[in-house]
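Undergrad: Starting off with a structure, shown below.
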Amino acid sequence: MRALLRSSMVLRWMLAALGLVVVLSIVQGLARPATTDLLSAGTAESTLRRAVPILLAGLGGIWAERAGVVNIGLEGMMVLGTWFGAWGALEFGPWWGIAIGIAGGAGGGLLHAVATVGFGVDHIISGVAVNILAPATARFLSREFFAGRPGGGLTQSPRVESVGSVDFPFVSGGDLFGWTTPDLFGWIDDQGWFLVSDTAAVLSGITQNVSWATLVALALVPISVFMLWRTPIGLRIRASGEHPVAADSLGVNVYRMKFTAVVVSGGLAGFGGAFIAIEQTGIYRENQVQGRGFIGLATVIFGNWQPAGAFLGSLLFGFSDALQLRDRTAVHALLLLVGIALAALAIRAVVQRRARPAALLAVASASVLWWYAVTEKVISELPPITPHVATLLVLIFATSRLRMPAAIGLRYRRGQE
Amino acid sequence: MTLRRITLALAAPVCAFVFSVVLSSFVLVAVGTNPIEAWLEMLSYGSRLETLVQTGNRATQLYLAGIAVAIGFRMNLFNIGVEGQYVLAAMLAAAAGGAVDLPPILHVALIMVVAMAVGSSFAGVAGYLKVSRGVHEVISTIMLNAVALGLTGFLLRSWLLDNSDTTLNMGTPEIPPSGRFPNLNGVVEGLSREITRGRELWGFLLVAILVGVLFHLFLSRTRAGYDLRITGLNPFAAEASGVHPSSTVVRAMLLSGAVAGLIGLPEILGDAHKYDLNFTQGLGFAGIAVALIGRNHAVGVGIAAILFGWLDSAAPILDVVGDTPREIVSILQGVVVLSAVVAFEVVSRIRRAAEARDAAEATHPTIAATDGSPS
C-alpha cells in the first residue's frame, strides 16, 4: 500500500481530496446553524472560477521568482490584463480578449524586466512603480476607449461576452455529437447518500459549466512544471534564480533568461486579469482585481515556489472567496473546521511532547471553538481577510520548511560578483 | 567635486520629469489633443491662490506619507503597509477624539497620540515578525494592509458608528471644536488676498514641516538615526560596528508607523472632523511614490510632495476646459516614478564609476592615465 502511494502521486492527491471531503461533510452535518453550502455543486464551481485568477497570478509569481526576480508588480499587471482583456473582447471577441489581456500583462512584465534586469533597479521599487502606473493607464484608456460607448464609462466597460463553457459528457450531462449524455454526478447528488452524494456534488460542480479558459489555465500548471523542470530553458531560468554567476560561467545568458521569465510572468498575470474581466464578471470595472495579484504572490510562498502548491493555495483562497459570496452560515461552519483542525494539531504536539506549541494550539483551538459556539454567523469583513491571515500564519509557523530560490531579489550585473 | 555631485543628484529627477512630460505629451498627441494647450491650462489654473491652497493641503498629507515610507527605505526596509496603518489610525483617532471632551490643546494632542500609537503598533507587528520569525516585511505589510482595512470597516460598522447620523454616510461621531486644528488662512490672506470661502489651508502643514525637520535631525544628529542609516548602506559593516540589527528594524518600523498614523489627521482635524466614507484613501501608496522620487531625503520628499500635490490639484481643470482627459496626470505621475528610479540607478552607476576613476588616479596616476585614454 505504502509503495503504491509513493509510486502514484495522483492517487495520493485523490486520497487527500477524499479525506477533505469526508471532513467537510462531517462538519457540514454537525454545524449549527445548519448549512448546505460547504459541499455543494455551486460552491465547488464558484471555488474553481474564483481560484483561476489567483492561480494564474501565482504561476506568474513562480516564473519570475524562479528566475530570481521578485514581482510585486503582479497586481498592476493583472490590472492591465483586465483592461486589455475587456477591450480585446469587445473589439475582436472573447478569445482575442484573453490573448490581448495576456499581451497587456506581458507589457507590464516587460517594463518590470527593463527596470530590474536591464537597469538594475530594486525589484520591490520597480514593482511598486508598476502598480502605480498600471491603474492610471487603465483609467486613461477607459476614458479614451470606453467612455463613449453604451454601458461604458470612466470606470467600466460595456458588457463583454465570455469564451463559453462546457459540461463534461457522461459525468455532468454534456453534449456529445448532438446527443445529451446522462448527468451521472448530478443524479448521485440528488440521492442524498451520506458522503457519496457530497463527493458527487463537488465533482459535478467542477465538471459542469466549466469555462474553456479555466481548462487552459489549469493546463498551465503541468505545463509550467514541465517547462521549468524538464526543459533546458527551464533549467537555465532556475539556475539564473539560484546562482546567476555560476549560470553565467556555464554560458547561460542570464539577462535573457530573467527577461523571458518576467515577461512570461506578466503574461500569466495578464491572463488572470483578463479572466476576471471576461469570465468572472463579464465586464471591466475599475479596482476589480482587488489585491488578487498580492494573493497570488501569497500562494507562491504558500506553495513553496512550486506550481502544484500554488494551485492548492489558490483553491483554498478561492474557496473562502466563494463561500463568503454564497452563504455566511457556511463560513461560520468553517470556524468549526478550523477549531477541530487546531485541536488535532494540539494533540499531535502533545504526543510529540512539545509543550509550548501544544499549549498555544490548544488555546487557539479553544478560542475558535468558543467563537463558533457564541455566534450565529461570522462578521462580513472576516472572509476577505482570511487569505491574508492564512499567508501570515504560514510564514510565521512554516518559514523553516520553505525553500525559496537562493538569489531571489538580488541585483545581477554580468561580470560582477 | 561637490558641483558634480549636486549636478548628478539633480540630473536624475529633472531628466525623469522632463522625460515623463514629453512621453505624456506624445500620448496626448496620439489620442488627438493638443498637449501644449493642456499644460498651459494647468499652469494657469494651478497658479491661482485656491489651487495653491489645495496643493498645500494635499502636499501636507503626501509629505507625511512620504516621510513614513522614507524612514523604512533609509535602511532598506519596505513598509508597504503605510496605507493600512494610516487608515486604521485615522479611524481610531477620530473615534477617540469624538468620544471625549477635553480642553483645546490637550484634545488635539490626545488625537495625535492615539493616531501615532495605533499606526506605530500596527507597523510594529511587521517589524516584530521580521526579527522574530524572519517574515519579509514586504509580504507581511501587504497582508497586514488587508487586515487593517478589514478591521477598520468592522470596527466602524459595529462599534464606533455615530447613531445620531441619519445620513447613509457612516462615520465616527463628530469631534467637538476643542479637538480641531486652526487653519492658516490668516497668514496666507495677510500675504496675498482673501481665499474663496470654503477653502482652508490646513494648519497641520506646520506639523508636517516639523516632522520633516525632526526626520532630518534624527538621521543626521542622533545615534539611532545613524544606526538606521548605516544599516541601510551596509548591514554587515553596521553589525560589525555594534549596531543591533533586530532592534534597529523594530525601531524603524515603529517610527515609520507613528508618522503613518499622522497622514490622515490633517483632513480629520482641519476639515472633516470625523472619519467617514469620504475619507481620502490611497495616500499610503502615493507616499511610496513621493518617497522614491524624493530620494528618501527630507527636502527631496518635500519637493516631490508639492509636485504631486500640485498635479493632483491642478488636474481637475482639464475636465472643465478643452478635451484633454485629466487621467493623463496620473499617467504622468506613474511614469515619473518609474523613470525616476531608473534615472537614479543610472546616475549612481555613473557616480560610482567616476569615484572609482578618481580613486585610481589618486593612487596610481600613470596606470589611470593610460587606462583612461581613448584607445
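Undergrad: Just to be sure before I move on: is A:L154 surrounded by fewer than 20 Cβ atoms within 10 Å (Cβ to Cβ) and within 13 Å of another protein chain (Cβ to nearest Cβ) in the structure I sent?
TA: yes
Undergrad: Among the residues of the range A:117-126, which ones are of a type in the set (V, I, T), over 25 Å from the mean Cα position of the chain (by Cα) and part of a helix (DSSP H, G or I)?
TA: A:V117
Undergrad: Against the definition (modelled with pLDDT of 90 or more, over 24 Å from B:G124 (Cβ atoms), surrounded by 14 or more Cβ atoms within 10 Å (Cβ to Cβ) and touching a Ser or Thr at 6+ places or on another chain (Cβ under 8 Å)), how does B:L205 come out, yes or no?
TA: Yes; evaluated as a whole, the condition is true for this residue.
Undergrad: Would you mind stating whether A:A308 is within 21 Å of A:V21 (Cα to Cα), buried (at least 17 other Cβ atoms within 10 Å of the Cβ) and within 19 Å of the chain's Cα centre (by Cα)?
TA: When the stated conditions are applied, A:A308 does not pass them.
Undergrad: Here's another thing I want to ask about it. Show me the helices (runs of 4 or more DSSP H) found entirely inside the range A:1-113 where at least 3 residues are without any contact (Cβ under 8 Å) to a residue 24 or more places away in the chain and not small (G, A, S).
TA: The qualifying helices (runs of 4 or more DSSP H) are A:2-7, A:9-30.
Undergrad: Contact list please: Cβ distance under 9 Å, first residue in the range A:119-139 and farther than 17 Å from B:V346 by Cβ and facing another protein chain (nearest Cβ under 7 Å), second residue among the hydroxyl-bearing types (S, T, Y) and surrounded by fewer than 23 Cβ atoms within 10 Å (Cβ to Cβ), pairs at least six apart or on different chains.
TA: Close Cβ pairs (under 9 Å, with a partner that is among the hydroxyl-bearing types (S, T, Y) and surrounded by fewer than 23 Cβ atoms within 10 Å (Cβ to Cβ)) amount to A:I132/B:S330; A:L133/B:S330; A:A136/B:S330; A:T137/B:S330; A:R139/A:T155; A:R139/B:S330.
Undergrad: Among the helices (runs of 4 or more DSSP H) contained in the range B:261-375, which hold 1 or more residues that are within 24 Å of A:R411 (Cβ to Cβ) and over 24 Å from the mean Cα position of the chain (by Cα)?
TA: B:328-363
Undergrad: Further question: Do we find a residue being away from chain A (no Cβ under 14 Å) and either out of contact with any strand residue (DSSP E or B) (no Cβ under 8 Å at 6 or more places or on another chain) or modelled with pLDDT under 85 (or both) anywhere in the range B:321-340?
TA: yes
Undergrad: Here's another thing I want to ask about it. Consider B:F308 carefully, then state whether it is within 14 Å of chain A (Cβ to nearest Cβ), closer than 22 Å to B:K130 by Cα, out of contact with any Gly (no Cβ under 7 Å at 6 or more places or on another chain) and not small (G, A, S).
TA: Criteria not met by B:F308.
Undergrad: Among the residues of the range B:191-204, is any assigned to a helix (DSSP H, G or I) and more than 14 Å from every other protein chain (Cβ to nearest Cβ)?
TA: Yes, because at least one residue in the range B:191-204 is assigned to a helix (DSSP H, G or I) and more than 14 Å from every other protein chain (Cβ to nearest Cβ).
Undergrad: Which condition number in (1) over 19 Å from B:N183 (Cβ atoms); (2) touching a helix residue (DSSP H, G or I) at 6+ places or on another chain (Cβ under 8 Å); (3) touching a residue at least 60 places away in the same chain (Cβ under 8 Å) is the one that B:I268 fails?
TA: (1)
Undergrad: Please tell me if A:L323 is touching a residue at least 24 places away in the same chain (Cβ under 8 Å) and in contact with a helix residue (DSSP H, G or I) (Cβ under 8 Å, 6 or more places away or on another chain).
TA: Considered against the rule, which asks whether it is touching a residue at least 24 places away in the same chain (Cβ under 8 Å) and in contact with a helix residue (DSSP H, G or I) (Cβ under 8 Å, 6 or more places away or on another chain), A:L323 comes out as yes.
For (1) in a helix (DSSP H, G or I); (2) over 30 Å from B:G322 (Cα atoms); (3) hydroxyl-bearing (S, T, Y), each residue gets a yes or a no:
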position: B:M42; (1), (2), (3): yes, no, no
position: B:A70; (1), (2), (3): yes, yes, no
position: B:V118; (1), (2), (3): yes, yes, no
position: B:Y128; (1), (2), (3): yes, yes, yes
position: B:I139; (1), (2), (3): yes, yes, no
position: B:A146; (1), (2), (3): yes, yes, no
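Undergrad: Tally the residues that are away from chain B (no Cβ under 11 Å) and assigned to a helix (DSSP H, G or I), restricting the search to the range A:371-417.
TA: The qualifying residues number 5.
Undergrad: Also, I was wondering about something else. Here is a list: A:D175, A:D167. Which entry is at pLDDT 80 or above, acidic (D, E) and within 26 Å of A:G97 (Cβ to Cβ)?
TA: It is A:D167.
Undergrad: Just give me the residues in the range A:221-260 being among the basic types (K, R) and in contact with a helix residue (DSSP H, G or I) (Cβ under 7 Å, 6 or more places away or on another chain), in sequence order.
TA: Answer for the range A:221-260, where residues must be among the basic types (K, R) and in contact with a helix residue (DSSP H, G or I) (Cβ under 7 Å, 6 or more places away or on another chain): A:R236, A:R238, A:K258.
Undergrad: Another question, then. Kindly establish whether A:I100 is surrounded by fewer than 24 Cβ atoms within 10 Å (Cβ to Cβ) and within 14 Å of another protein chain (Cβ to nearest Cβ).
TA: no
Undergrad: Give me a count of the residues in the range B:335-357 that are touching a residue at least 12 places away in the same chain (Cβ under 8 Å) and of a type outside the set (S, T, N, Q).
TA: Counting residues in the range B:335-357 that are touching a residue at least 12 places away in the same chain (Cβ under 8 Å) and of a type outside the set (S, T, N, Q) gives 14.
Undergrad: Name the single residue, out of those in the range B:116-161 being basic (K, R) and either free of Cβ contacts under 8 Å to residues at least 24 places away in the same chain or within 9 Å of chain A (Cβ to nearest Cβ) (or both), that is surrounded by the most Cβ atoms within 10 Å (Cβ to Cβ).
TA: B:R133
Undergrad: Do we find that A:S162 is outside any helix (DSSP H, G or I) and touching a strand residue (DSSP E or B) at 6+ places or on another chain (Cβ under 7 Å) in this structure?
TA: yes
Undergrad: Restricting the range B:162-175 to residues that are modelled with pLDDT of 80 or more and touching a Leu at 6+ places or on another chain (Cβ under 9 Å), which is surrounded by the most Cβ atoms within 10 Å (Cβ to Cβ)?
TA: Per the criteria, the residue is B:T172.
The values are calculated or read from the model by the stated rules, or taken from the named source; none is laboratory data. On a predicted model such as this, the values are computed, not experimentally measured, just so you know. Cβ: placed from backbone, ideal geometry, glycine included. Neighbour counts: every protein chain shown.
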